[in-house]
Amino acid sequence: MTTVRLNSADPVSIDTDALIVGFRSGQEGPRPTNGAEALDAAFGGKLAASLDAVGFSGKPGELAKLPTFGAIAAPLLVAVGLGENPDTEGLRRAAGAAVRSLAGTARAALALPAGTPEETEAVALGGLLGAYGFARYRTSGEQKPPVGELTVIAGDSAEQGVAERAAVLAESVTLVRDLVNTPPSDLWPAKFAEIAEQTGAKAGLSVEVLDEKQLKDGGYGGLIGVGQGSSNPPRLVRLSYSHPEATKTLAFVGKGITFDSGGLSLKPSASMDWMKSDMGGAGAVFGALVGIARLGLPVNAIGYLCLAENLPSGTAQRPSDVIHSYSGKTVEVLDTDAEGRLVLMDGIARAAEDGPDVIVDVATLTGAQIVALGWRTSGVMSNDDALRELVVETAGAAGEGAWGMPLPEELRKGLDSAVADIANLQPERWGSMLAAGIFLKEFVPDGVRWAHIDMAGPAFNKGEAYGYTPKGGTGAITRTLIGLAERHASI
Ligand code: BES
Ligand code: MN
Ligand code: ZN
């Protein structure tokens with residue numbers, strides 16, 4: 001894992017392998033930030049002109065690498081564009097993109113705006129998140145290792161605590177990315193539960209795991225139904241963290257389908273090859289609980305990981321089966337590929353028994369989320385307008401795109417079943433993200449404030465890396481959940 005520390009050194013003389021310098025764009029060309037004015041002098045006042053000559057203008061995310069030929073201590077200068085007036089997410093992304101471009105380098109220093117603790121944290125966090133690599137399954141050694149040591153150049157008064165916080169956040173996200181990237185041959189429900197037990201205990205969480213027998217005896221029909229087609233049986237993991245001064249209890253529930261083939265309602269191959277990422281919600285809940293505990297936040301937090309593998313077999317559930325959910329309601333399974341809501345309905349009903357102030361579930365729930373909002377913006381639905389706004393705002397502050405979506409009452413009718421209390425699928429495609437939200441709402445007891453985050457697109461980056469986001473598992477929504485725990489006073 002990459003390390004980070006703060007340092008008030010001079011960018012000109014700092015001993016490092018690569019110096020990353022942030023540049024603002026402007027009418028007179030790229031302008032250096034954070035002490036880099038002195039840097040320009042070291043280059044005979046020609047730095048901005050040289051960058052201009054290689055076509056670098058300081059636009060957000062732009063990168064240019066220049067050899068320094070001894071003009072400064074670092075042998076390599078990496079210019080990164082910040083745009084005209086970067087916000088904290090702009091700083092995170094710029095730091096991430098620059099550090100990502102330096103894979104194979106041992107040490108890098110970042111001279112980006114770091115005048116406030118918020119800015120300094122953004123630079124440190126972006127750098128750490130950009131340093132991510134997943135090489136566990138490579139034998140060729142062709143993939144260069146991430147930068148080993150980062151130094152963030154900040155003022156004398158900067159507190160190391162800022163770097164420690166950034167490191168905890170980055171480690172939580174890294175944990176989630178690794179789990180999402182792990183192939184389903186190495187991550188099945190019991191294995192995920194075991195990792196949660198070990199890593200959770202190390203972070204100071206209490207961890208309880210229900211196995212398939214306890215789930216069956218306990219009446220968790222959704223988890224059992226979804227998991228029964230696989231020889232890797234389901235698990236429900238409960239992680240809890242408490243603080244002596246806490247006045248609020250937050251419950252998080254994550255969809256943890258370690259592989260979603262669709263079940264007997266089998267997916268086409270092109271939609272299946274990335275379904276190892278269908279545990280991204282449970283990953284985010286797990287990463288968040290670990291982060292909350294390591295930060296020692298003054299709040300109580302409980303996380304449920306609803307873990308199952310959705311496969312077709314002779315023991316798999318069938319379209320038209322009726323299952324008895326943990327809440328007592330019966331559900332007709334019209335489509336076994338709408339499995340996420342079946343494990344979540346049990347998790348949500350169980351979480352409500354803890355009497356939390358709010359329940360937030362997180363799930364890679366519907367393709368319709370991607371149709372509506374694209375790859376980078378999660379949909380947020382809630383039975384409480386203020387809670388929905390708080391979730392959207394918290395995600396925004398973390399740089400994790402999210403947008404409020406409605407739960408139109410008229411969609412409930414489409415979920416009527418001919419035989420059971422509710423069906424798991426509406427007959428038409430339109431508004432499927434919202435219909436899934438309406439389905440889940442049925443399992444939230446009256447008077448309980450609940451929000452649902454559909455992150456089908458954001459959980460996994462099928463495209464190229466950008467900013468601090470790598471290809472593959474992104475760890476999305478982990479920092480949003482930690483952010484909610486930090487805003488416990490507003491809950
Ligand atoms: N895991 C999928 C949703 C998904 C799709 C996640 C693409 C990430 C990327 C979910 O279990 C699913 O299959 N949903 C179906 C629901 C439908 C059958 C109502 C869908 O969205 O097509
Ligand atoms: Mn599915
Ligand atoms: Zn799924």
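Out of Thr469, Thr394, I need the residue that is outside the structural domain of Gly90 (by TED's automatic domain parsing), away from ligand 1 (no atom under 15 Å from the Cβ), hydroxyl-bearing (Ser, Thr, Tyr) and within 22 Å of Leu250 (Cα to Cα). Which one?
Values: Thr469 fails: within 22 Å of Leu250 (Cα to Cα).
Residue meeting the stated conditions: Thr394.
Scan the range 247-257 and give yes if some residue there is more than 16 Å from ligand 1 (Cβ to nearest atom), of a type in the set (A, V, I, L, M, F, W, C), more than 23 Å from Arg449 (Cβ to Cβ) and touching an Asp or Glu at 6+ places or on another chain (Cβ under 6 Å), otherwise no.
Just the residues of the range 247-257 that are more than 16 Å from ligand 1 (Cβ to nearest atom), to begin with: 247-252.
Still in the running and of a type in the set (A, V, I, L, M, F, W, C): 250-252.
When the remaining residues are screened for being more than 23 Å from Arg449 (Cβ to Cβ), the result is none.
No.
Being within 16 Å of ligand 3 (Cβ to nearest atom) and in contact with a Ser or Thr (Cβ under 8 Å, 6 or more places away or on another chain) narrows it down to one residue among Glu309, Glu339; which is it? Please lay out each step first, then the result.
Working: Glu339 fails: in contact with a Ser or Thr (Cβ under 8 Å, 6 or more places away or on another chain).
Step by step, each of Glu309, Glu339 is checked, and only Glu309 is within 16 Å of ligand 3 (Cβ to nearest atom) and in contact with a Ser or Thr (Cβ under 8 Å, 6 or more places away or on another chain).
Which residue out of Ser327, Ser378 is touching a Pro at 6+ places or on another chain (Cβ under 7 Å), in the same structural domain as Met433 (by TED's automatic domain parsing) and either open to solvent by less than 10 Å² (accessible area, probe 1.4 Å) or away from ligand 3 (no atom under 15 Å from the Cβ) (or both)?
Details: Ser327 fails: touching a Pro at 6+ places or on another chain (Cβ under 7 Å).
Checking each option against the conditions leaves just Ser378.
Quick test for you: out of Ala418, Ala423, Ala436, Ala476, pick the one residue that is closer than 25 Å to Val168 by Cα and assigned by TED's automatic domain parsing to the domain that holds Thr174.
Result: Ala476 is the single residue among Ala418, Ala423, Ala436, Ala476 that is closer than 25 Å to Val168 by Cα and assigned by TED's automatic domain parsing to the domain that holds Thr174.
Report, ordered by the first and then the second residue, all pairs with beta carbons closer than 8 Å, sequence separation of six or more or different chains, a first member in the range 254-275 that is in contact (Cβ under 8 Å) with a residue 60 or more places away in the chain and over 24 Å from Met345 (Cβ atoms), and a second member that is open to solvent by less than 40 Å² (accessible area, probe 1.4 Å) and more than 9 Å from ligand 2 (Cβ to nearest atom).
Cβ pairs passing all conditions: Trp274/Phe460.
Does the range 230-241 contain any residue that is surrounded by fewer than 24 Cβ atoms within 10 Å (Cβ to Cβ) and within 15 Å of ligand 2 (Cβ to nearest atom)? Please lay out each step first, then the result.
Here is the first cut: in the range 230-241, the residues surrounded by fewer than 24 Cβ atoms within 10 Å (Cβ to Cβ) are 230-233, 238, 240.
Filter once more, keeping what is within 15 Å of ligand 2 (Cβ to nearest atom): 230.
Yes, the range 230-241 contains a residue that is surrounded by fewer than 24 Cβ atoms within 10 Å (Cβ to Cβ) and within 15 Å of ligand 2 (Cβ to nearest atom).
Scanning for something in a helix (DSSP H, G or I) and either of a type outside the set (A, V, I, L, M, F, W, C) or modelled with pLDDT under 95 (or both), does the range 110-118 turn up at least one residue? Spell out the reasoning first.
Residues of the range 110-118 in a helix (DSSP H, G or I): 117-118.
Checking which are either of a type outside the set (A, V, I, L, M, F, W, C) or modelled with pLDDT under 95 (or both) leaves us with 117-118.
There is at least one residue in the range 110-118 that is in a helix (DSSP H, G or I) and either of a type outside the set (A, V, I, L, M, F, W, C) or modelled with pLDDT under 95 (or both).
Check Gly404 against each of (1) buried (at least 24 other Cβ atoms within 10 Å of the Cβ); (2) away from ligand 2 (no atom under 16 Å from the Cβ); (3) not β-branched (Val, Ile, Thr) and name the one condition it does not meet.
(1)
Pairs, please: C-beta under 7 Å, at least 6 apart or cross-chain, first residue of a type in the set (Ser, Thr, Tyr) and in the range 75-95, second open to solvent by 20 Å² or more (accessible area, probe 1.4 Å) and assigned to a helix (DSSP H, G or I)?
Here the result reads Thr88/Glu118; Thr88/Glu119, each pair linking the range 75-95 to a residue that is open to solvent by 20 Å² or more (accessible area, probe 1.4 Å) and assigned to a helix (DSSP H, G or I).
If you take the residues of the range 10-38 that are at pLDDT below 90 and hydrophobic (A, V, I, L, M, F, W, C), which of them is farthest from Leu91 (Cα to Cα)? Steps first, answer last, please.
Our first condition is that a residue be at pLDDT below 90; within the range 10-38, this holds for 26-38.
So of that shortlist, the ones also hydrophobic (A, V, I, L, M, F, W, C) come out as 36, 38.
Details: Ala36: 16, Ala38: 21 Å.
Among residues in the range 10-38 that are at pLDDT below 90 and hydrophobic (A, V, I, L, M, F, W, C), the one farthest from Leu91 (Cα to Cα) is Ala38.
Can you tell me which residue in the range 184-210 is most open to solvent (accessible area, probe 1.4 Å), limited to those that are small (Gly, Ala, Ser) and out of contact with any helix residue (DSSP H, G or I) (no Cβ under 7 Å at 6 or more places or on another chain)?
First pass over the range 184-210, keeping only residues small (Gly, Ala, Ser): 185, 190, 193, 196, 200-201, 203-204, 206.
Adding the requirement that they be out of contact with any helix residue (DSSP H, G or I) (no Cβ under 7 Å at 6 or more places or on another chain) leaves 185, 190, 193, 201, 206.
Numbers: Ser185: 87, Ala190: 29, Ala193: 3, Ala201: 62, Ser206: 67 Å².
Checked the range 184-210; the qualifying residue most open to solvent (accessible area, probe 1.4 Å) is Ser185.
From (1) out of contact with any Lys or Arg (no Cβ under 6 Å at 6 or more places or on another chain); (2) in a helix (DSSP H, G or I), pick out the condition that doesn't hold for Ala135.
Of (1) out of contact with any Lys or Arg (no Cβ under 6 Å at 6 or more places or on another chain); (2) in a helix (DSSP H, G or I), only one is false for Ala135: (2).
Report whether or not Gly314 is of a type in the set (Gly, Ala, Ser), without any contact (Cβ under 8 Å) to a residue 12 or more places away in the chain and away from ligand 3 (no atom under 16 Å from the Cβ). Don't jump to the end; show me each part of the working.
Values: of a type in the set (Gly, Ala, Ser): yes; without any contact (Cβ under 8 Å) to a residue 12 or more places away in the chain: yes; away from ligand 3 (no atom under 16 Å from the Cβ): yes.
For Gly314, the condition - of a type in the set (Gly, Ala, Ser), without any contact (Cβ under 8 Å) to a residue 12 or more places away in the chain and away from ligand 3 (no atom under 16 Å from the Cβ) - is met.
Across the range 407-444, what is the total count of residues that are open to solvent by less than 10 Å² (accessible area, probe 1.4 Å), outside any helix (DSSP H, G or I) and out of contact with any Leu (no Cβ under 7 Å at 6 or more places or on another chain)?
Final tally of qualifying residues: 1.
The values are calculated or read from the model by the stated rules, or taken from the named source; none is laboratory data. These numbers come from a predicted model, not from an experiment. In this analysis, Cβ positions are derived from the backbone assuming ideal geometry, glycine residues included, and neighbour counts consider all displayed protein chains. Please note that ligands, DNA and RNA were not included when accessible areas were found on the heavy atoms of the full protein model with its side chains. Shrake-Rupley method; radii C 1.70, N 1.55, O 1.52, S 1.80 Å.
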